[in-house]
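Asks: Structure below; questions to follow.
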Amino acid sequence: MPYRAPVSDYEFMLRHVVGFDRVSGTERYSEASSDVVSAILNEAGKMCEEVMAPLQRNGDLNPARLENGVVRTSPGFAEGWKAIAEGGWIGISAPEEHGGMGLPVTLLTSVNEMMSSACLSLELAPLMSMGQIEALEHHASDDIKDLYLPKLISGEWSGTMNLTEPQAGSDVGALSTKAEPLDDGTYAITGQKIYISWGDNDFTENVCHLVLARLPDGVAGTKGISLFLVPKNIPDENGAPGVANQLKVVSLEHKMGLHGSPTCVMQYDGAKGWLIGKENGGMAAMFTMMNNARLGVGGQGVGSGEGAYQHALAYAMERKQGRTAEGSSGTIAEHADVRRMLMTMKAELFAARAIILSCAVAIDMQNATGEADWAARAALLTPIAKAFGTDTGIDVSEMGVQVHGGMGFIEETGAAQYYRDSRVTAIYEGTNGIQAMDLVARKMMDGGEAAMHLLDEIETQAEQAKATFPDMADAVWQAAETLREATEWLNGQSDMNDRFAGAVPYLRGFARVLGAHFHLSAALAEPGSARETLAQFYITCLLPEHGGLLAHAQAGAKDLYEMSLEDLVA
Ligand SMILES: Cc1cc2nc3c(=O)[nH]c(=O)nc-3n(C[C@H](O)[C@H](O)[C@H](O)COP(=O)(O)OP(=O)(O)OC[C@H]3O[C@@H](n4cnc5c(N)ncnc54)[C@H](O)[C@@H]3O)c2cc1C
């Protein structure tokens, strides 16, 4: 089933659901008119449909492999990268002075999502470059920016991020890669990094690694970490890739999915690196890249879920089996339970996409206005966008397998690939558990103020909607109140473990309420349409889950620890 880019859905959502007009109304993004938005979405969508989507199976069936120390990518991926690069899609939001388009992150996020629907394993390559571009833009010296940014933005070179080591996964502060200062102002980087996405390829002239390492006087933990740019080939005096740096790909991981993306074990043996940002300020610099990537990975979830939904819908509209309760024999799409699955998939994708794009709008507004309230909104929504976006991608693609029946379990339909590929999105870029802990700890350091502001907006909208949709509006208002109470409870807990115990259900409960709010916006924009029906379905059938989730969120940690590890074993 060919992928169809849902361009008009994005346009509707930007216009009526996430308030993109506020972004295009700023001076910084005044060029992002509806015509420009439409042109970008249509062009990128076409590239996704025509170039990237046909590569999806190639990547799965012919994984990237390591040949004499060089990564050989899946058939067609080099051409796919070229199309992405030539379209300018790597640099949508990158600075214009270095060859980017300088457009809002909201547009970048929409395009990334479409690329993820078409071919997730290839999309991860530009996503890594985009994060690196942003980190360099904010933290690198002018010399580094002038040399690297144009090459990364044009796609001649590519970027990676190197945090993880065998003993340092979620706990990045446990890393042991070393950086020794050299006489010429550069550093010698030594250590091993694992799981490095797109650590090498055979289609860019250079691969630029952002590597976290510790200086000789760096203290233990995250405070002693610095960030270094370590190119595969050291640029010569003309900026062309020169001699090979002291680094190599040791092996590629054999994975459950995402086979087209080479996941590398990297070895650095005194490799030449340049400090990015301040000494011991690596985490601050890396966070720029990680926040960008977190939103991007949330979009990967929704994107792959969209691909899975389109795939399942097409199958359901062709497959004939059984009779409906009324006795008609049609396709399985006529059966109530299959309808339940298809509607759930569509409604969940809408909710998750709206959360992600509203986070992107907050980032754009923060960039355009510098206002602290927008920064707080963006910070609050980022973990929700990442975790709910990816959970939704996984849930939807799993449901896509179920819609296919037995054929979902048979690889040739491609339904299982969406599930296998998207599964990692809940793990990398900070597991979803870590995202939820971030939400209930760091993002509540304001005493819940940013969350309360958002709840005020949701309740105001629900009150205004009462005249048009009394039942839906009342359900949304009540749910927002329940979330308010849960947020107050969380903020009242001084023992962080009581917050952490309920962090994941709290995040999901929060996302449920946000999803209902955005569905209500869509219904208000087009009353009497299918959007109202979808909102009705979400608010009646999916929103009620928030009650159980938010009760769980307030259960505290006591019961979890009263059961001993021995009891768990017994
Ligand atoms: C395909 C793939 C691609 C990747 N790409 C990259 C990349 O490009 N660059 C890079 O640097 N890394 C990359 N990673 C690594 C990825 O970011 C880590 O796997 C992830 O951060 C989790 O670390 P871990 O695997 O060590 O799991 P662990 O940290 O061991 O976590 C195991 C479990 O324990 C939980 N846990 C851990 N600590 C805590 C805590 N304090 N509180 C509560 N729960 C906790 C986790 O949530 C998880 O459920 C990639 C991984 C994969 C699989």
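Asks: Filter region 398-434 down to the residues that are among the polar types (S, T, N, Q) and either open to solvent by less than 40 Å² (accessible area, probe 1.4 Å) or closer than 19 Å to THR382 by Cβ (or both) and list them by number. Steps first, please.
Replies: If we filter region 398-434 for residues that are among the polar types (S, T, N, Q), which is where we start, we get 402, 413, 417, 422, 425, 431-432.
Those that are among the polar types (S, T, N, Q) and either open to solvent by less than 40 Å² (accessible area, probe 1.4 Å) or closer than 19 Å to THR382 by Cβ (or both): THR413, GLN417, SER422, THR425, THR431, ASN432.
Asks: Could you pull out the residue among MET437, MET445, MET496 that is within 27 Å of GLY301 (Cα to Cα) and either hydroxyl-bearing (Ser, Thr, Tyr) or open to solvent by 30 Å² or more (accessible area, probe 1.4 Å) (or both)? Even if it seems obvious, please write down each step before you answer.
Replies: Working: MET445 fails: within 27 Å of GLY301 (Cα to Cα); MET496 fails: within 27 Å of GLY301 (Cα to Cα).
So the residue among MET437, MET445, MET496 that is within 27 Å of GLY301 (Cα to Cα) and either hydroxyl-bearing (Ser, Thr, Tyr) or open to solvent by 30 Å² or more (accessible area, probe 1.4 Å) (or both) is MET437.
Asks: Residue by residue through region 192-236, note down the ones that are within 15 Å of the ligand (Cβ to nearest atom), more than 12 Å from SER158 (Cα to Cα) and polar (S, T, N, Q).
Replies: GLN192, THR222
Asks: Identify all residues within region 548-569 that are open to solvent by 70 Å² or more (accessible area, probe 1.4 Å) and more than 32 Å from the chain's Cα centre (by Cα); write none if there are none. Talk me through it step by step, then tell me what you get.
Replies: At the first step, the residues of region 548-569 found to be open to solvent by 70 Å² or more (accessible area, probe 1.4 Å) are 552, 558-563, 565-569.
Listed by number, the residues that qualify are LYS558, ASP559, TYR561, GLU562, MET563, LEU565, GLU566, ASP567, LEU568, VAL569.
Asks: Cβ-Cβ below 8 Å, separation at least six or inter-chain, first residue in region 1-29 and modelled with pLDDT under 95, second buried (at least 17 other Cβ atoms within 10 Å of the Cβ) and part of a helix (DSSP H, G or I): which pairs?
Replies: Short answer, once both residue conditions are applied: MET1/GLN310; MET1/HIS311; MET1/TYR315; PRO2/GLU49; PRO2/ALA53.
Asks: Here are ARG512, ARG484, ARG531: which of them is of a type in the set (D, E, K, R) and within 21 Å of THR390 (Cα to Cα)?
Replies: Details: ARG484 fails: within 21 Å of THR390 (Cα to Cα); ARG531 fails: within 21 Å of THR390 (Cα to Cα).
Sole residue among the options that is of a type in the set (D, E, K, R) and within 21 Å of THR390 (Cα to Cα): ARG512.
Asks: Determine the pairs where a residue that is within 10 Å of ARG214 (Cβ to Cβ), located within region 161-181, has a partner that is open to solvent by 40 Å² or more (accessible area, probe 1.4 Å) and more than 7 Å from the ligand (Cβ to nearest atom) with Cβ atoms under 6 Å apart, the partner being 6 or more residues away or on another chain.
Replies: Qualifying pairs under 6 Å: GLY173/THR222; LYS178/THR190.
Asks: Does region 500-517 contain at least one residue that is open to solvent by less than 10 Å² (accessible area, probe 1.4 Å), within 18 Å of CYS541 (Cβ to Cβ) and over 27 Å from the mean Cα position of the chain (by Cα)?
Replies: No, the conditions are met nowhere in region 500-517.
Asks: Follow-up question, since we're still on this one. Go through region 325-374 and give me each residue that's hydroxyl-bearing (Ser, Thr, Tyr), farther than 22 Å from GLU11 by Cα and either open to solvent by less than 20 Å² (accessible area, probe 1.4 Å) or touching a residue at least 60 places away in the same chain (Cβ under 8 Å) (or both). Quick ask: steps written out before the conclusion?
Replies: Initially, region 325-374 is screened for residues hydroxyl-bearing (Ser, Thr, Tyr), giving 328-329, 331, 344, 358, 369.
Still in the running and farther than 22 Å from GLU11 by Cα: 328-329, 331, 369.
THR369 - this is the single residue of region 325-374 that is hydroxyl-bearing (Ser, Thr, Tyr), farther than 22 Å from GLU11 by Cα and either open to solvent by less than 20 Å² (accessible area, probe 1.4 Å) or touching a residue at least 60 places away in the same chain (Cβ under 8 Å) (or both).
Asks: Another question about this same structure. Quick one: in region 206-221, which of the residues that are part of a loop (DSSP other than H, G, I, E, B) and among the hydrophobic types (A, V, I, L, M, F, W, C) is nearest to TRP81 (Cα to Cα)?
Replies: Residues of region 206-221 that are part of a loop (DSSP other than H, G, I, E, B), as a first pass: 215-221.
Subset that is among the hydrophobic types (A, V, I, L, M, F, W, C): 215, 219-220.
Details: LEU215: 35, VAL219: 40, ALA220: 39 Å.
Filtering region 206-221 for residues that are part of a loop (DSSP other than H, G, I, E, B) and among the hydrophobic types (A, V, I, L, M, F, W, C), the one nearest to TRP81 (Cα to Cα) comes out as LEU215.
Asks: Name the pairs whose Cβ atoms lie under 8 Å apart, with the first residue in region 83-101 and under 20 Å from SER116 (Cβ atoms), the second of a type in the set (Ser, Thr, Tyr) and open to solvent by less than 20 Å² (accessible area, probe 1.4 Å), and 6 or more positions between them or separate chains?
Replies: ILE90/SER129
Asks: Out of the residues in region 118-176 that are more than 14 Å from the ligand (Cβ to nearest atom) and among the acidic types (Asp, Glu), which is surrounded by the fewest Cβ atoms within 10 Å (Cβ to Cβ)?
Replies: ASP142
Asks: Which pairs turn up if I take residues in region 416-442 that are closer than 9 Å to ILE394 by Cα and look for partners that are within 9 Å of the ligand (Cβ to nearest atom) and open to solvent by 10 Å² or more (accessible area, probe 1.4 Å) with beta carbon separation below 7 Å, at least 6 apart in sequence or on another chain?
Replies: That search, which allows pairs on different chains as well, returns ARG420/MET256; ARG423/MET256; ALA426/ASN432.
Asks: Scan region 220-244 for residues that are exposed (fewer than 12 other Cβ atoms within 10 Å of the Cβ) and under 27 Å from LEU175 (Cα atoms) and jot them down.
Replies: ALA220, the sole residue that qualifies.
Asks: Could you please let me know if MET256 is within 15 Å of the ligand (Cβ to nearest atom), surrounded by fewer than 22 Cβ atoms within 10 Å (Cβ to Cβ), within 29 Å of THR109 (Cα to Cα) and at pLDDT 95 or above? Before the answer, list the steps.
Replies: Values: within 15 Å of the ligand (Cβ to nearest atom): yes; surrounded by fewer than 22 Cβ atoms within 10 Å (Cβ to Cβ): yes; within 29 Å of THR109 (Cα to Cα): yes; at pLDDT 95 or above: yes.
So MET256 passes the test.
Asks: The conditions are (1) open to solvent by less than 10 Å² (accessible area, probe 1.4 Å); (2) more than 16 Å from the ligand (Cβ to nearest atom), and HIS453 fails exactly one of them. Which is it?
Replies: Unmet for HIS453, out of (1) open to solvent by less than 10 Å² (accessible area, probe 1.4 Å); (2) more than 16 Å from the ligand (Cβ to nearest atom): (1).
Asks: Of the conditions (1) surrounded by fewer than 18 Cβ atoms within 10 Å (Cβ to Cβ); (2) charged (D, E, K, R); (3) touching a Lys or Arg at 6+ places or on another chain (Cβ under 9 Å), ASP217 clears all except one; give me its number.
Replies: For ASP217, the exception is condition (3).
Asks: Determine whether region 302-313 contains at least one residue that is over 30 Å from ALA378 (Cβ atoms) and open to solvent by less than 10 Å² (accessible area, probe 1.4 Å).
Replies: Checked region 302-313: at least one residue is over 30 Å from ALA378 (Cβ atoms) and open to solvent by less than 10 Å² (accessible area, probe 1.4 Å).
Asks: Where in region 301-417 are there helices (runs of 4 or more DSSP H), lying fully within it, with 1 or more residues that are touching a Pro at 6+ places or on another chain (Cβ under 8 Å)? Step through it out loud before you land on a result.
Replies: Details: elements: 336-369, 372-403, 406-409.
Where helices (runs of 4 or more DSSP H) fall fully within region 301-417 and carry at least 1 residues being touching a Pro at 6+ places or on another chain (Cβ under 8 Å), they are 336-369.
Asks: The conditions are (1) of a type in the set (A, V, I, L, M); (2) closer than 25 Å to PHE409 by Cβ; (3) in contact with a helix residue (DSSP H, G or I) (Cβ under 9 Å, 6 or more places away or on another chain), and ALA336 fails exactly one of them. Which is it?
Replies: Here ALA336 meets the rest and fails (3).
Asks: When you check MET283 against the structure, is it buried (at least 20 other Cβ atoms within 10 Å of the Cβ), over 15 Å from the mean Cα position of the chain (by Cα) and in contact (Cβ under 8 Å) with a residue 60 or more places away in the chain, yes or no? Show your work before the answer.
Replies: Numbers: buried (at least 20 other Cβ atoms within 10 Å of the Cβ): yes; over 15 Å from the mean Cα position of the chain (by Cα): yes; in contact (Cβ under 8 Å) with a residue 60 or more places away in the chain: yes.
Against the criterion (buried (at least 20 other Cβ atoms within 10 Å of the Cβ), over 15 Å from the mean Cα position of the chain (by Cα) and in contact (Cβ under 8 Å) with a residue 60 or more places away in the chain), MET283 qualifies.
Asks: Check ALA271, ALA293 and return the single one that is open to solvent by less than 10 Å² (accessible area, probe 1.4 Å) and either under 30 Å from LEU342 (Cβ atoms) or more than 13 Å from the ligand (Cβ to nearest atom) (or both). Before you say what the answer is, go through the steps one by one.
Replies: Numbers: ALA293 fails: either under 30 Å from LEU342 (Cβ atoms) or more than 13 Å from the ligand (Cβ to nearest atom) (or both).
After ruling out the rest, the residue left standing is ALA271.
The values are calculated or read from the model by the stated rules, or taken from the named source; none is laboratory data. On a predicted model such as this, the values are computed, not experimentally measured, just so you know. Please note: Cβ atoms are built from the backbone with ideal geometry, for glycine as well, and neighbour counts cover all protein chains shown. Just so you know, the surface numbers come from the protein's heavy atoms only, side chains and all, with ligands and any DNA or RNA stripped out. Shrake-Rupley method; radii C 1.70, N 1.55, O 1.52, S 1.80 Å.
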